[in-house]
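**Q** One structure follows; several queries about it will come next.
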Amino acid sequence: MRKLTLLFAAIGYVAVSFAQSNVASKDWGTGEYAGVWKLSVGKPEKINLLSELDITPKREALQEMPDGALPISPADVKIELRDGKTYISFPLEKEEKIFGLGLNFKTVEQRGRIMRLHMDHYTGSDNGRTHAPVPFFISSRGYGVLINSARYIDLWVGTAVRKGPDAPEEQDRNTDRTWPAQPYSDNIEVLVPAEGVEMVFFAGPTMLDVVRRYNLYNGGGALPPRWGLGFWHRTPTLFTDKDVKAEVDEFEKRGFPLSVIGLEPGWHSKAYPCTYEWDKSRFPDASGFVKDMLDENIRLNLWMNPYVSKHSEVYDKIKPYTGSHTVWLGEVPDYSMPEACKIMTDHFRKHQLDLGVSGYKMDENDGYDSWLWPDVATFPSGIPAEQLRNLYGSLMQQATVKMYREKNLRTYGQVRAGNAGTNAYPYVLYNDYYDHRGFITALINSSFIGVLWTPEVRSSKTSEEWLRRMQTVCFSPIAQLNAWADGTKPWTFTDVEDDIREIALLRIQLIPYLYTAFADYAFYGTPPVRAMNLEEGYAAEAQTVEGRLDATDNPYAMAIRREVKDQFMVGENILVAPLFAGEKERKVVLPQGKWFDFYTGKFAGEGEVITVAPGRHIPVYVKDGGIIPLWPAMSKFEDRKYPLEVRHYGNKPATYSLYDDDGSSYNFEKGEYTRIDLTVTVDKKGRKKGKAILLKGKQVWSFSEYNFKFMTE
């Protein structure tokens, strides 16, 4: 068969065929998943983005999804093997849009882009070098493709023009003012530097169905512990235990919510590289300190990078399982090896988990070529350095999550690197790129590729910018202020202190709604924060504006593409439209149907573009019939029952499936959870009535009563 494939390759395109995905193997269990197909060509490498991860598809959820058919045929996908590489060409229709292909910060639609998907720190250009270079794209035609290779993959997305009958007509630039520097292209060209590759195709019928299938295939989404959805504060690098306690007291005194304290590099006895052991001068009684924080209902999240200091007690044990090169003179553990994972996680258990530490911020596992290991490095597993770079953040996530699973405890943390298959791991990506608008674009793009992203707040030049950034972060997967460098506080700008306290408290109120959104991510694959393009009835089009000729900056008069990339959906019913410092007004695109102001319940618009003037609040809208469950506004919350305010917006009858479990263990995977139907009926006279329906015998952990509030008269 291999000889036959090479024969086809020598003649031209390789003849291939699709097969309905049959996962009857020891790794994936038995059965077939409707709407998922695998296509392997040539000789795929044994190491790929999924091969090293312990992933179990959500079989039942996949089977319950609506039927989906691929809108392309096998003949549409052209594949060629030559020079030890795999070349793939996917078709593009005239108005087709492409989304995904990594965590991008400037663009949402990827047609017209050239990129190399390569794990790296993001440096300001959407060229494929990013913290999550996931080789998964979604087409507006209702299908998606995962190119399952851990190599650096090159893509030309609607830029390359092949010869053939469908090629555009040649134009004369001298006489034709409509001459395009980038002629029409009807394909996505892909180069995989390997002698074969596996691809996984996902059908719709909608783009959201494609995303859901992709997430479920990779184990479903992460369900964080309930405390993880509270407010986080990272303290300055060299804080002591006394400094941290004083910070916690100040939050309490000022009435600001606080659920998680993040400790930065100074908690280590050595950092850059790390010991993963407490500095006794700053934390003389680490065990007692952790207990004191837990007694105050504050969890601790500890910063680390992967590189092991020679001063660590684990150094001699881990050294045989490290790479040929160091980073900051620290050893680089090969996390693809079970032996390395056990050595490191035993160390983490001893010094952190067994003390009660709740999770990690895993830094510096993404890139910057000037200090990361080079692609010529070797590792004891034999995995090439290039592949390990694309996998490293995923492997660290897996190792630490497994450690917490063994204690039946959920964790929630941050990481600088992730890739395909990590949507089930409870880690949220972050970076040092600090453009506010770029934060929102990344938040949108994360929903296409099965990762979570947080636009953490660090500092601001003005109180207005401070407020706008805090408002945005309180609607993201982690609501966090990071004061590691300058010691900034939520109340740093006193003129907006009350406004920031209000939005931070709203974050706490929204936890029942957010927790349900994450449950839908875990059970059904629906991203908790998602792009407007995945919302039914959203019809905004990107506009291509004619480029102005400039001999220096734009000599080919390249057109400018303007997209809507500054609003997003949170959960089932909420639309968020962040404001930016200096804005006098902003436009909000409302999908089909009626939408209502979150704060007042007043009608905002129906399938139209509205203009919003800046005010104290971040613009938030709820769809007609939307139900939003809210906890009381409180600075700290415990694992106990609280009264629930159930808000209903608009005039449509509705049912909302509220999720509840113990908030911290994995017992929900054994069926120990509850769905409470919050229903609102509307009679012929427009009178509304709310009711909470709970199946008999079901346990409730978080809610003591259900008080309905009808926001729209």
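**Q** Looking at the stretch 349-375, I want the residues that are without any contact (Cβ under 8 Å) to a residue 40 or more places away in the chain and have a partner that is buried (at least 23 other Cβ atoms within 10 Å of the Cβ) with Cβ atoms under 9 Å, at least 6 apart or on another chain. Which pairs are those?
**A** ASP375/ARG389
**Q** Residues in the stretch 276-283: is at least one closer than 30 Å to LEU329 by Cα and under 29 Å from the mean Cα position of the chain (by Cα)?
**A** Yes: one or more hits.
**Q** Evaluate the stretch 251-271: report whether one residue or more is within 23 Å of GLU456 (Cα to Cα), assigned to a helix (DSSP H, G or I) and of a type in the set (Asp, Glu).
**A** yes
**Q** Here are some conditions: (1) over 18 Å from GLY128 (Cα atoms); (2) in contact (Cβ under 8 Å) with a residue 12 or more places away in the chain. GLU406 meets all but one. Which one does it not meet?
**A** (2) is the only condition that GLU406 fails.
**Q** I need the full set of residues from the stretch 485-521 which are buried (at least 22 other Cβ atoms within 10 Å of the Cβ) and part of a loop (DSSP other than H, G, I, E, B), in order please.
**A** Within the stretch 485-521, PRO490, LEU510 meet the criteria.
**Q** Take the residues in the stretch 54-112 that are under 27 Å from GLY42 (Cβ atoms) and polar (S, T, N, Q); name whichever of them is surrounded by the most Cβ atoms within 10 Å (Cβ to Cβ).
**A** THR86
**Q** If we only count strands (runs of 3 or more DSSP E) wholly inside the stretch 522-586, which ones have 3 or more residues that are modelled with pLDDT under 95?
**A** Correct list: 543-545, 560-562.
**Q** Continuing with this model, one more query. I'm trying to understand the selection: among the residues of the stretch 280-312, which are of a type outside the set (A, V, I, L, M), over 22 Å from ASN365 (Cβ atoms) and either in a loop (DSSP other than H, G, I, E, B) or in contact with a Cys (Cβ under 7 Å, 6 or more places away or on another chain) (or both)?
**A** Matches in the stretch 280-312: LYS280, SER281, ARG282, PHE283, PRO284, ASP285, GLU296, ASN297.
**Q** Determine if the stretch 260-267 includes at least one residue that is among the aliphatic types (A, V, I, L, M), within 16 Å of TRP227 (Cβ to Cβ) and buried (at least 22 other Cβ atoms within 10 Å of the Cβ).
**A** Checking the stretch 260-267: at least one residue is among the aliphatic types (A, V, I, L, M), within 16 Å of TRP227 (Cβ to Cβ) and buried (at least 22 other Cβ atoms within 10 Å of the Cβ).
**Q** Of all residues in the stretch 309-339 being surrounded by fewer than 17 Cβ atoms within 10 Å (Cβ to Cβ) and hydrophobic (A, V, I, L, M, F, W, C), which is farthest from the chain's Cα centre (by Cα)?
**A** Selected residue: LEU329.
**Q** Okay, next question. Which one of GLY671, GLY626, GLY615 is under 28 Å from PHE439 (Cβ atoms) and free of Cβ contacts under 8 Å to residues at least 12 places away in the same chain?
**A** None of the others qualify; the one that does is GLY615.
**Q** Yes or no: PRO135 touching a strand residue (DSSP E or B) at 6+ places or on another chain (Cβ under 7 Å) and either among the polar types (S, T, N, Q) or within 25 Å of TRP453 (Cβ to Cβ) (or both)?
**A** yes
**Q** Right, next: Do we have GLU713 as at pLDDT 95 or above, among the charged types (D, E, K, R) and either touching an Asp or Glu at 6+ places or on another chain (Cβ under 9 Å) or loosely packed, with under 14 Cβ neighbours inside 10 Å (or both) here?
**A** So GLU713 does not fit the description; no.
**Q** So which residues in the stretch 29-53 are loosely packed, with under 15 Cβ neighbours inside 10 Å and either modelled with pLDDT of 95 or more or among the hydroxyl-bearing types (Ser, Thr, Tyr) (or both)?
**A** Listed by number, the residues that qualify are THR30, SER40, LYS46.
**Q** Follow-up. Among the residues of the stretch 101-124, is there at least one that is among the acidic types (Asp, Glu), in contact with a strand residue (DSSP E or B) (Cβ under 8 Å, 6 or more places away or on another chain) and either free of Cβ contacts under 8 Å to residues at least 60 places away in the same chain or outside the structural domain of THR206 (by TED's automatic domain parsing) (or both)?
**A** No, every residue in the stretch 101-124 fails to be among the acidic types (Asp, Glu), in contact with a strand residue (DSSP E or B) (Cβ under 8 Å, 6 or more places away or on another chain) and either free of Cβ contacts under 8 Å to residues at least 60 places away in the same chain or outside the structural domain of THR206 (by TED's automatic domain parsing) (or both).
**Q** Which of the residues belonging to the stretch 43-93 are assigned to a helix (DSSP H, G or I) and out of contact with any strand residue (DSSP E or B) (no Cβ under 9 Å at 6 or more places or on another chain)?
**A** Listed by number, the residues that qualify are GLU60, ALA61, GLU64, ALA75.
**Q** Across the stretch 173-223, what is the number of residues that are surrounded by 22 or more Cβ atoms within 10 Å (Cβ to Cβ), of a type in the set (D, E, K, R) and out of contact with any Leu (no Cβ under 8 Å at 6 or more places or on another chain)?
**A** So the answer is 2.
**Q** Give the residues of the stretch 143-171 that are among the small types (Gly, Ala, Ser) and in a loop (DSSP other than H, G, I, E, B), sorted by residue number.
**A** Selection gives SER149, ALA150, GLY158, ALA160, GLY164, ALA167.
**Q** Would a scan of the stretch 643-654 turn up a residue that is in contact with a helix residue (DSSP H, G or I) (Cβ under 7 Å, 6 or more places away or on another chain), in contact (Cβ under 8 Å) with a residue 12 or more places away in the chain, outside any loop (DSSP other than H, G, I, E, B) and buried (at least 16 other Cβ atoms within 10 Å of the Cβ)?
**A** yes
**Q** Can I ask one more? Checking the structure you have, find out if any residue of the stretch 454-470 is surrounded by 19 or more Cβ atoms within 10 Å (Cβ to Cβ), under 13 Å from the mean Cα position of the chain (by Cα) and touching a residue at least 12 places away in the same chain (Cβ under 8 Å).
**A** Looking through the stretch 454-470, at least one residue is surrounded by 19 or more Cβ atoms within 10 Å (Cβ to Cβ), under 13 Å from the mean Cα position of the chain (by Cα) and touching a residue at least 12 places away in the same chain (Cβ under 8 Å).
**Q** Continuing with this model, one more query. Working carefully through the options LYS709, LYS698, LYS689, find the one that is of a type outside the set (A, V, I, L, M, F, W, C), closer than 27 Å to ASP597 by Cα and touching a residue at least 24 places away in the same chain (Cβ under 8 Å).
**A** One residue alone meets the criteria, LYS709.
**Q** I need the full set of residues from the stretch 321-364 which are of a type in the set (Asp, Glu) and either part of a strand (DSSP E or B) or outside the structural domain of MET293 (by TED's automatic domain parsing) (or both), in order please.
**A** GLU331
**Q** Hey, among ALA15, ALA19, which residue is surrounded by fewer than 15 Cβ atoms within 10 Å (Cβ to Cβ), out of contact with any helix residue (DSSP H, G or I) (no Cβ under 6 Å at 6 or more places or on another chain) and at pLDDT below 50?
**A** Answer to the selection: ALA19.
The values are calculated or read from the model by the stated rules, or taken from the named source; none is laboratory data. These numbers come from a predicted model, not from an experiment. Every residue, glycine as well, gets a Cβ built from its backbone with ideal geometry; the counts of neighbours run over all protein chains shown.
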